[in-house]
Structures are given as C-alpha cells and as structure tokens.
Amino acid sequence: MSEITMEKIIQLAKTRGFIFPGSEVYGGLQNSWDYGQLGVELKNNVKSQWWKRFVHARLDMVGLDAALIMNPKVWQASGHLDTFTDPLVECKNCNERYRADKIDLTKPCQKCGKKDTLTEPASFNLMFKTFLGPKEDQSNVVYLRPETAQAIFVDFANILTTSRKRIPFGVAQIGKAFRNEITPGNYIFRTREFEQMEIEYFVHENDWQTHFEAWLKELHAWIDFCGIDKNRVHELEVLGADLAHYSRRTVDIEFDFPFGREELYGLAYRGDFDLKNHSEASQKDLVYTDPQTQEKYIPHVVEPSMGVDRTVLAILLSAYTEEEVDGDVRVVMKFEKAFAPYKIAVLPLSKKDELSIPAEALAKKLAKKWNVDYDETQSIGKRYRRQDEIGTPYCITFDFDSLEDGAVTVRDRDTMKQDRIKIDELEVFFNKNL
Ligand code: ATP
C-alpha cells in the first residue's frame, strides 16, 4: 500500500470530523486547529485513559486542576521569565523567522534563498502575556501558563497536608498550556495552544534513578497501550546545552513522524530545583518530614511530561491502515478499542420504519453504556467503509430477519468477520469485547 503521508491524515481528519482548521470561515488562524465531533472523543479518551491509569489505578498518585493564570512571581521563581526562551533568527531580506536551533545557520534562507541574510540569534521568551483587569499597565501583566507543572509545585504543601500521601508520591494534571512558538507547524504537532498531561513525582534524592527508570518503562507501556507503533518510538538522552534550565537528566521519547523524528514526550529529573526556588521566593516552608526517620528534606522530582495533541497525532498515524479488499483500497483506522471515538455503529439495512424504529431503539439502549453512532443513509457497504475510516470497532446491521429471529449481524472492524448474535446477548458480547 502507499506511504502514509501527513496529507492523508489531515484530509481524513478533516472530512470525517476529527480535526478542522481553526476559524476556517475567516480564512483560519495560523496553525490553530479545532477538534471536531470525533476528535474530541478521541482526545477525551486519551485524557480519561491516562487519568484512569496514572491517577485512579495507583495509590501513590493524586490529581490537580489548577488555575491557568498564576501569580507572575511563580514564573520569576521557576526561571521561566528569564530562561524560557528559544533562539530567534530573522532573514534581513524577506523577514522570515526561524528557530536558530532547528536550522543550519550556514545555509541560505529557506524561504527566499538569499545567502548571509540571517540575523544573529536573539533570545525570544515564549510566554504569552496579557493583563489582569481593565488597566493595561506593567503592574497588571500576567502570563498564560507555558506548562502545567508549576501549579503542582506551588500547591505542593496544600496537597501534602490534605492528601496525607507519603514520599514517594506523585501529582498529575491535565490542561492547556500556551507557548508563543516562533515556528509553529506540522499540523497539531507544534501549536501555540496545546494540552499537556504532566506528573510531578516526588522522591527522596537517593532514589531518583530508580524512579526515573520506572517512569521510563511506564511511558513505554502507556505508548503501547495507546496503540502507538512502538517500532517508530525511540529514546534520546538529552545532553549538555540542550538540557532545559531545570533539568539534571532528560530522556526524550521520540516518534518517527512523516516530517521526521521528533519529540513525543519528555522525562526529566528536575532535582529539587522547583520546590527550592518556590520555597525561597515565597518564604514558605516546602520541606518534607519523613514520618519514620524524621529526616527533613526538600523532595526531588521526576517529571513525565506528555502532550495530548502529539499523542493524538501519533495515534492517528499509527492507526491509519490501507488494505486491499476485492481490488479496492479499504482505509481503516485501527484504533485500540478504548480510544475509538465510537465503539458501536447501529445500521438498519433499510430506512423503512419497520427496521429503523427498532434499530434506533437498540442504538439508544446501547448508548447508555457505550458511545454509539446511528446511521441509516446510503448503502450498507458505504456505511461500513465510513465506520472503518473512523475506526468504529463494531457495526451492527439490523435487517428484516432481525424482526423474525431477534438477532443482528455484528461486523468486526479488523477482520470484517460477521457474526449473527441475539439482541438479548449483545450486552454480554460488548462487555466482553469492548
Ligand atoms: P520541543 O522541543 O518540541 O519544543 P519541548 O522540549 O519544549 O518540546 P516540553 O517543554 O518538554 O517540550 O513539553 C512537554 C510536552 O508537551 C512535549 O513532550 C510535547 O508532547 C508537548 N508540547 C510541547 N510544546 C508543544 C507545542 N508547541 N505543541 C504541542 N505540544 C507541545
């Protein structure tokens, strides 16, 4: 089958309702994207599965949902105001801007082709600024958070005393982050508004390596669980100047996207950088006392940081499959069932009331438990193809025989095998298979 290109994914995502260009009727807005009716389901599944796995299924984890706009002192103490920058270069001829660390500065400008026109790299702070309240003066400047992590550090003492967790334990948060990226692009890979799923895992300094290795394994297990193709996943040990200002060790988990091998997730050992800085800047005690040994220390932190949108993109790319069926190409999104936007589609063979009324009633019954699509337009073959393209694991066909034998045909997305199953037994079947 032919190569899986970004164009194919973008096209399918647009025509089927996963992802639309943002503000499209007004000509769009640079690299902004809206998750449509199927995209929001896929994205919500990513977030809820993540929460289930890393918060609910573990006794050493709790969650947080903090304010997006925080006191600017947070960003001073965290180092973001001074160091959350990318090196910006601009072509003096055509004014195109580039991230200096992403291009070869000795080559001509990629846009106009002129030589020796790039400016010296200048630090550009990526944080979005706005004003709190009606007065637009310096004293009211606030920032949209560029990462979800900081609120976890700032709320650390509250969480510790109220949750009664003991080290090692972690705090998870999912939410929007904003970065005024110099060169957004590659679809939902790099946008200025995106969502993160982050964990700050608090440990004793002596144990950081053990926890770092354990989280690295957890990241790979999650990637596998999402149905992301593990043959396209690689680890990159980030070295020297490439390390973020807070990090003592970082391993990037990279994915082979059609536009190259790029970061999917990051795992960083942040030491005690954040809690120490916030403790000093706020003059609040952020020390932990070990209940057994009475040792007092500032906990160290291992941070798995994952982008929701990059997860969605890697899932779309991994799920996209083209198969030859009877001389035709069948496009199937082979999502893991837990991530599929719709789990079941109910398709009456004919639009006649005789079939559509009981079929719709069946769809409504199943919809109490699973996300169900109901479709009575076009031929059954076309409806199967449509469900394949949106990755619905099971299609139920309600036909004239169903009125007689109380059974329906259940078609499996991946094998295309069709089984006749009694309507009364469908719940048991889906409980087992979904
Ligand atoms: P990059 O080097 O690609 O700019 P980063 O190292 O700055 O990424 P982190 O600060 O480690 O990224 O952010 C954690 C995660 O958040 C990333 O692994 C990625 O999944 C996601 N992420 C970061 N920036 C963006 C963005 N602009 N658009 C979409 N997702 C992003």
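The values are calculated or read from the model by the stated rules, or taken from the named source; none is laboratory data. Here the structure is a predicted model, which means the values were calculated and not measured. Backbone-built Cβ (ideal geometry, glycine too); neighbour counts: all protein chains shown.
Filter segment 404-423 down to the residues that are in contact with a strand residue (DSSP E or B) (Cβ under 9 Å, 6 or more places away or on another chain) and not aliphatic (A, V, I, L, M) and list them by number. Spell out how you get there, then give the answer.
Narrowing segment 404-423 to residues in contact with a strand residue (DSSP E or B) (Cβ under 9 Å, 6 or more places away or on another chain): 405-414, 416-423.
Listed by number, the residues that qualify are ASP405, GLY406, THR409, ARG411, ASP412, ARG413, ASP414, LYS417, GLN418, ASP419, ARG420, LYS422.
Can you name the residue in segment 143-182 that is of a type in the set (S, T, N, Q) and within 10 Å of the ligand (Cβ to nearest atom) and is also farthest from the chain's Cα centre (by Cα) among such residues?
This residue is ASN180.
Regarding segment 272-281, can at least one residue be identified that is within 15 Å of the ligand (Cβ to nearest atom), within 31 Å of the chain's Cα centre (by Cα) and either of a type outside the set (D, E, K, R) or in the same structural domain as SER305 (by TED's automatic domain parsing) (or both)? First the steps, then the outcome.
Residues of segment 272-281 that are within 15 Å of the ligand (Cβ to nearest atom), as a first pass: 273-274.
Checking which are within 31 Å of the chain's Cα centre (by Cα) leaves us with 273-274.
Next, only the ones that are either of a type outside the set (D, E, K, R) or in the same structural domain as SER305 (by TED's automatic domain parsing) (or both) stay: 273-274.
Taking every residue of segment 272-281 in turn, at least one turns out to be within 15 Å of the ligand (Cβ to nearest atom), within 31 Å of the chain's Cα centre (by Cα) and either of a type outside the set (D, E, K, R) or in the same structural domain as SER305 (by TED's automatic domain parsing) (or both).
List, please: which pairs have Cβ atoms under 6 Å, are six or more places apart or on different chains, and start with a residue in segment 237-259 that is acidic (Asp, Glu) and end with one that is outside any strand (DSSP E or B) and surrounded by 14 or more Cβ atoms within 10 Å (Cβ to Cβ)?
Close Cβ pairs satisfying both conditions: ASP256/ARG232.
Among strands (runs of 3 or more DSSP E) lying entirely in segment 293-348, which contain 1 or more residues that are of a type in the set (Asp, Glu) and in the same structural domain as LYS52 (by TED's automatic domain parsing)? Show your work before the answer.
Details: elements: 300-307, 320-325, 328-333, 344-348.
Strands (runs of 3 or more DSSP E) meeting the threshold: 300-307.
Output the number of the condition that ARG145 fails; it satisfies all remaining conditions of (1) modelled with pLDDT under 95; (2) surrounded by 21 or more Cβ atoms within 10 Å (Cβ to Cβ).
Of (1) modelled with pLDDT under 95; (2) surrounded by 21 or more Cβ atoms within 10 Å (Cβ to Cβ), only one is false for ARG145: (1).
Identify the single condition in (1) surrounded by 16 or more Cβ atoms within 10 Å (Cβ to Cβ); (2) among the hydroxyl-bearing types (Ser, Thr, Tyr); (3) modelled with pLDDT under 95 that SER2 does not satisfy, given that it satisfies every other one.
Against the list (1) surrounded by 16 or more Cβ atoms within 10 Å (Cβ to Cβ); (2) among the hydroxyl-bearing types (Ser, Thr, Tyr); (3) modelled with pLDDT under 95, SER2 comes up short only on (1).
I'm trying to understand the selection: among the residues of segment 309-345, which are crowded, with 23+ Cβ neighbours inside 10 Å, of a type in the set (Val, Ile, Thr) and farther than 18 Å from THR5 by Cα?
Correct list: ILE344 only.
Among the residues of segment 294-324, write down those that are over 24 Å from PHE153 (Cβ atoms), hydroxyl-bearing (Ser, Thr, Tyr) and away from the ligand (no atom under 16 Å from the Cβ).
Of everything in segment 294-324, those that are over 24 Å from PHE153 (Cβ atoms), hydroxyl-bearing (Ser, Thr, Tyr) and away from the ligand (no atom under 16 Å from the Cβ) turn out to be TYR320, THR321.
All but one of (1) free of Cβ contacts under 8 Å to residues at least 40 places away in the same chain; (2) within 16 Å of the ligand (Cβ to nearest atom) hold for GLY327, so report the exception by its number.
Condition (2) is where GLY327 drops out.
Kindly check whether there is at least one residue in segment 259-271 that is touching a Ser or Thr at 6+ places or on another chain (Cβ under 9 Å), crowded, with 16+ Cβ neighbours inside 10 Å and part of a loop (DSSP other than H, G, I, E, B).
Kept after step one, since they are touching a Ser or Thr at 6+ places or on another chain (Cβ under 9 Å), are these residues of segment 259-271: 264-271.
Of the ones still in play, those that are also crowded, with 16+ Cβ neighbours inside 10 Å are 264-271.
Imposing the further condition that a residue be part of a loop (DSSP other than H, G, I, E, B) reduces the set to none.
So far as segment 259-271 goes, no, none of its residues is touching a Ser or Thr at 6+ places or on another chain (Cβ under 9 Å), crowded, with 16+ Cβ neighbours inside 10 Å and part of a loop (DSSP other than H, G, I, E, B).
Keeping to segment 183-198, report how many residues are part of a strand (DSSP E or B) and within 7 Å of the ligand (Cβ to nearest atom).
So the count comes out to 3.
Within the bounds of segment 66-73, is there any residue that is surrounded by 16 or more Cβ atoms within 10 Å (Cβ to Cβ), in the same structural domain as SER247 (by TED's automatic domain parsing) and over 22 Å from ALA268 (Cα atoms)?
yes
Any residue in segment 251-260 that is among the aromatic types (Phe, Trp, Tyr), under 17 Å from ILE167 (Cβ atoms) and within 16 Å of the ligand (Cβ to nearest atom)?
Of segment 251-260, the ones among the aromatic types (Phe, Trp, Tyr) are 255, 257, 259.
Pick out the ones that are also under 17 Å from ILE167 (Cβ atoms) and you get none.
The answer is no, given that none of the residues of segment 251-260 is among the aromatic types (Phe, Trp, Tyr), under 17 Å from ILE167 (Cβ atoms) and within 16 Å of the ligand (Cβ to nearest atom).
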